[in-house]
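Structure first, commentary second.
Taken together, the values in this text are just the output of simple stated rules run on the coordinates, not laboratory data. Values in this document were obtained by computation on a predicted structure and should not be read as measured data. Don't worry about glycine lacking a Cβ; one is built from the backbone with ideal geometry, like all the others, and counts go over all protein chains shown.
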Amino acid sequence: MAIVDNNVIYRTAVLISSVMVVAQGRYIDLTYNINSDVMRWPSHTKFTLKVDIRGPFASVNFLASNSFETSEHVATHIDAPFHFNQHGIKIHEMPFDNFYGPAVVIDIKEKASKVPDATLDINDVTSWEEKYNTEIPKGAIVIMNSGWGKYWGNSSAFLGGTTTNSLHYPGFSGEAVTWLVDNRDIKGIIVDTVSCDPGNSAIGEAHLAILQASSKWCVEMAANLDEVPAKGANVFAMPIKIENGTGAPIRLYAEVGAGWGVNSGRTLIWAESCVIALIMFMFLYL
């Protein structure tokens, strides 16, 4: 084996570090905490936590364990097709690779500030494509940023009412969701409000449009959307795998800086392969 030059080692180490940093990117948590005061649809069961064990247990000095009761549809959560579709698949039947994809963030804060029941419509979608000079990619996850997160913790402001027929907040229009499903084959939609439909919707047009399609979904009550770029991030909506579930609480997060696309989850594997190849090169040829 040849003597390894220190400068070669240094340059190789820098290259390896750079590859790993670029590949991994950074992560943004888009999930709200679940507690007894969490925002929810008025008719849904609130979250309650029961302490089962706190302290010594058998031969253990300290053990802690809780039980909880909740609706599937509280805080940051996902709706499965069965939620609005009698023949739709349930949460445990949904393909795992449908829970992540390239994020497309469409900002409607200006009109939502003027009209609480504002909708993300087809014009917002086409305007986004014109602004960024690209079509929304197949398998994308389209996110509505209405700025409603500023009301989180204030139930009357967040919901706009106290009963199911008096609510006011933004959402997707049914026409926009149908267009996105038919023309861009998106995987799902995400909102920062309590529902994918606006508060004044009577029949849930956006829910019907996305959940009638096989394996597609909607996520409600996403947090921290101002931190996600309009283009270039990837989003992951990972649900609890409830058998026969109509939906489930999720850990929602975005990945920024690791490439924009449905195969972004494989970027780290590619990076690890590069590292292995570089190490082999050092030992074989230096």
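Some values worked out for this structure:
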item	result
Translational diffusion coefficient (Stokes-Einstein; Kirkwood radius from C-alpha pairs) of segment 101-185 at 10 °C, 1.306 mPa s, in µm²/s	115
Linear extension gain, Asn165 paired with Ser127, 0.36 nm per residue minus alpha-carbon span	10.5 nm
Mean separation of Cα contacts under 8 Å (6+ apart) over length of segment 26-267, as relative contact order %	30
Residues of type lysines that Lys114 reaches as a straight line, Cα spacing below 21 Å, ignoring anything fewer than 8 places off in the same chain	Lys150
Simple Cβ-charge dipole of segment 196-247, Lys/Arg +1 and Asp/Glu -1, about Cα centre, in debye nearest 20	200
Note, ³J(HN,Hα) from phi for segment 209-214, Karplus 6.51, -1.76, 1.60, rounded to Hz, x at Gly and Pro	5, 8, 8, 6, 7, 4
Among 140-149, 220-229, 32-41, 124-133, the order from most to least packed when residues are scored by Cβ within 10 Å on average	140-149, 220-229, 32-41, 124-133
Reduced Cα scattering model of segment 26-267, Debye log10 I(q)/I(0), q = 0.17 Å⁻¹	-1.26
Out-of-range pairs (alpha-carbon distance over 21 Å; input Lys46/Lys187; Lys109/Lys131; Lys111/Lys187)	Lys46/Lys187; Lys111/Lys187
